[in-house]
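Just below is one structure, and these are the notes that go with it.
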Amino acid sequence: DDPSPKPGDANNSHGTAAAGVAIAAFNNGRETAGIAPMCRFMPIQLYAESTFTPNSTEADACTWAADNGAAVMSNSWGPDNDDTPLPDATRAAMEHATTNGRGGKGMVILFAAGNSNDDTDRDNYVSSQFVIGVAASTNFDTRAGYSRFGQAVSVSAPSSGGSLNITTTDLSGAGGYSTGNFTGSFGGTSSACPLAAGIAALMLSVNPDLTWNEVKQILEQTADKIDADNGNYNDQGFSVFYGYGRVNAFRAVEMARDLVANDNPRVSVASPATPAGAGGMLSLDWTATAEADLVSQDVAFSTDGGSTFTPIAMLDGASRSFDWTVPDDVSGSVRLRVTATDVESRTGSSTITVSVWAKPAIGTVKLKRASSGRRTLVVDGTAFRTDEAVIFVGETPLGLLKYPNGRRNADGTCTRIVSKDGSIDSLIPGGSTVQITVRHAVTGQVSAVVSFTR
């Protein structure tokens, strides 16, 4: 009921400093101003714990923000451990916020990429299709050495890591980062994220009709391609270090404003209700409006960050949905683009990134007896992810999957799953034949089936 910082509580200093980067007022007497100093602030106390363990609080916070009118949500937090699953409740809250927030235009959700200098593919929060991931650059327009990188990075924003840190608001008096009312030592992607979030707020200030996905695309399209020599930008202008570049507030606000009077078709692709499974069906839905009649809509996909789009289908101007069979070899994520063309040959497009689960394949199935006498079902294969795959014996799930040490790959998949369950003997009686099936935990998609005889 009272999210105000508590004097002397160091746990409040981080949120106070991050908020100041986004919305600290002009002429506040604290040596700083936010990027969006006249935007309103909705503070939420998200965690009381000292570590970031997924729980219902995070889903409640996201839902509460969207339902109470928040336009932009800046998240400078995340789980401590790589490969922490995104809880179903949090995923549902993000979908609710981007689908129903702002009267159906969607609350804009930004996440700090993280400070562990490794791949965002192992962070299921930043990699969510409902999120804009923000990496950190320096005052030299180079990569901050601590910043995470990868396909989930949408844009980068200036922070610490060069010769300067970030100056922002602090807890009043002692107990924060300093003994005064502002600090000059803030930084990390925790600072980059609210800077990008403040720019999103400026964009919605001049054009509140933008959907959350249009905000994301404008941030990407107007970003500056910094560090051209080392950024490794692909043909589509994407870099795993900077996303589509370092945010440019002026250009982003200018494009958001100009879109109000633009006669080009406007397309907004909705994020799918569930992540896609390779080899499975993905249902796409979108809205498309135009001053002139639409004559066609093209659907295309890309698996390399957007440098090469492969056509999927050309539809008539009235289409607003399409069912696509995801190729078996797609894993990690896929970008999907819908382009609408009107009778005046004007076009508009919308692109989303969808998480794709690799298609598990079963190689061998063995039933072993441990020294304790307990049965162990061992399934060897490829592309298993223990937070995604559920093994069924017949129609009975075996519960949580366990994998032995040393059999897990860097991408989070593993080549062996060991499932220990006390009901193995009753599920697989001696001499019987059963179907061993792997299904995706959320979609229920069957990805592999073998017959096993005990």
Next item on the list: Extending each Cα 7 Å along its Cβ direction at N139 and A361, get the distance between those two points in nm, one decimal.
Entry: 5.3 nm
Item checked: Estimated FRET transfer efficiency (R257, R454; beta-carbon r; R0 60 Å; 0.05) -> 0.30
Next item on the list: Could you give the size of the charge dipole of the chain about its Cα centre, using +1 on the Cβ of each K and R and -1 on the Cβ of each D and E, expressed in debye and rounded to the nearest 20?
Entry: 1420 debye
Item checked: Under-30-angstrom lysine pairs by C-alpha in the chain, whenever the two are 8 or more apart or on separate chains -> 12
Next item on the list: Express in nm, to one decimal, how much length is gained between T382 and N232 on full extension, taking 0.36 nm for each residue of separation and deducting their alpha carbon distance.
Entry: 51.0 nm
Notebook entry, point to check: On the accessible surface of the range 237-280, probed at 1.4 Å, how many percent belong to carbon and sulfur atoms?
Noted result: 56 percent
Notebook entry, point to check: Which longest run of the chain has no exposed loop site in it, a site being GluC sites (Glu not before Pro) in a DSSP loop with at most 15 other beta carbons within 10 Å, and the site itself not part of the run?
Noted result: 50-290
Notebook entry, point to check: How many nm is it between the label spots at T310 and K225, if each spot is 7 Å from the Cα in line with the beta carbon?
Noted result: 2.5 nm
Checklist line | F41/R346 FRET efficiency (R0 51 Å; Cβ-Cβ; nearest 0.05) | finding: 0.85
Notebook entry, point to check: Quick one: helix 189-206 against the long Cα principal axis of the chain, what's the angle to the nearest 10°, folded into 0 to 90?
Noted result: 70 degrees
Item checked: Net charge, L219 excluded, C-beta distance under 13 Å - Lys, Arg +1, Asp, Glu -1 -> -1
Notebook entry, point to check: Angle, helix 249-258 long axis vs. longest principal axis of the chain, Cα atoms, 0 to 90°, nearest 10?
Noted result: 90 degrees
Item checked: Approximate spin-label separation S372-V446, in nm, with each point projected 7 Å along Cα-to-Cβ -> 3.3 nm
Margin query: Taking R0 as 45 Å, what FRET efficiency do you get between N28 and A318 from their Cβ-Cβ distance, rounded to the nearest 0.05?
Written below: 0.30
Note to self: Can you tell me how the range 87-155 classifies by the Cα gyration tensor, rounded, prolate or oblate, using a/c under 1.5 as the rounded cut?
What the structure shows: oblate
Checklist line | Sites matching chymotrypsin sites (Phe, Trp or Tyr not before Pro) across the range 129-203 that sit in DSSP coil, with at most 11 neighbouring C-beta atoms within 10 Å | finding: none
Notebook entry, point to check: With contacts defined as alpha carbon pairs under 8 Å and 6 or more residues apart, what's the relative contact order of the chain in percent?
Noted result: 11 percent
Check: Hey, what's the chain come to in accessible area per residue, 1.4 Å probe, Å²?
Finding: 44 Å²
Next item on the list: With all protein chains present, calculate the accessible area of L164 using a 1.4 Å probe and round the result to the nearest 10 Å².
Entry: 100 Å²
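The values are calculated or read from the model by the stated rules, or taken from the named source; none is laboratory data. Keep in mind the model is a prediction, meaning the values are calculated, not measured. All Cβ positions, even for glycine, are placed from backbone atoms using ideal geometry, and neighbour counts span all protein chains on display. What goes into the accessible areas is simple: the full protein's heavy atoms, side chains included, and nothing from ligands, DNA or RNA. Shrake-Rupley method; radii C 1.70, N 1.55, O 1.52, S 1.80 Å.
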